[in-house]
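Report on one structure; see the data block that follows.
The values are calculated or read from the model by the stated rules, or taken from the named source; none is laboratory data. If you're wondering where the values come from, they're calculated on a predicted model, not measured in any experiment. No Cβ is skipped: glycine too gets one built from the backbone with ideal geometry, and neighbour counts run over all protein chains shown. Ligands, DNA and RNA are excluded from the accessible area calculation, which covers all protein heavy atoms including side chains. Shrake-Rupley method; radii C 1.70, N 1.55, O 1.52, S 1.80 Å.
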Amino acid sequence: SEFRLNITATDAGGLSTFIVAPVFVNDINDNAPVFEKPSYEFRIAEGSYEDYVVGQISATDADFGENGNITYTILQKREDFSQMPLSIKKDGSLIVHGELD
């Protein structure tokens, strides 16, 4: 939001000057992202895939600007990420690339 302050400076002899000073309120990162659904479930047949979109994950953040940008990450317990045939793009698309068995 923004406030526009009308400010006058007056000296003892009665001469004055006037300015308009805008004050901008910057957003702070005070809102956590929220998934649009409480859970997501996807089903896909076993097989070999190359950049196949399984589904879409979506979240929103009530903050503005950079603080409202969302990054999606898959957290996994496996130590070897290279063997995981699933990834997620910046837009929340869940992608299969590789063999599912």
Criterion first (surrounded by 13 or more Cβ atoms within 10 Å (Cβ to Cβ), modelled with pLDDT of 95 or more, among the aliphatic types (A, V, I, L, M) and out of contact with any helix residue (DSSP H, G or I) (no Cβ under 6 Å at 6 or more places or on another chain)) does residue 57 satisfy it?
yes
Hey, residue 72 in contact (Cβ under 8 Å) with a residue 24 or more places away in the chain and more than 23 Å from residue 3 (Cα to Cα) or not
no
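Here's the yes/no breakdown for (1) at pLDDT 95 or above; (2) open to solvent by 60 Å² or more (accessible area, probe 1.4 Å); (3) not in a loop (DSSP other than H, G, I, E, B):
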{"site": "27", "(1), (2), (3)": "no, no, no"}
{"site": "49", "(1), (2), (3)": "yes, no, yes"}
{"site": "67", "(1), (2), (3)": "no, no, yes"}
{"site": "75", "(1), (2), (3)": "no, yes, no"}
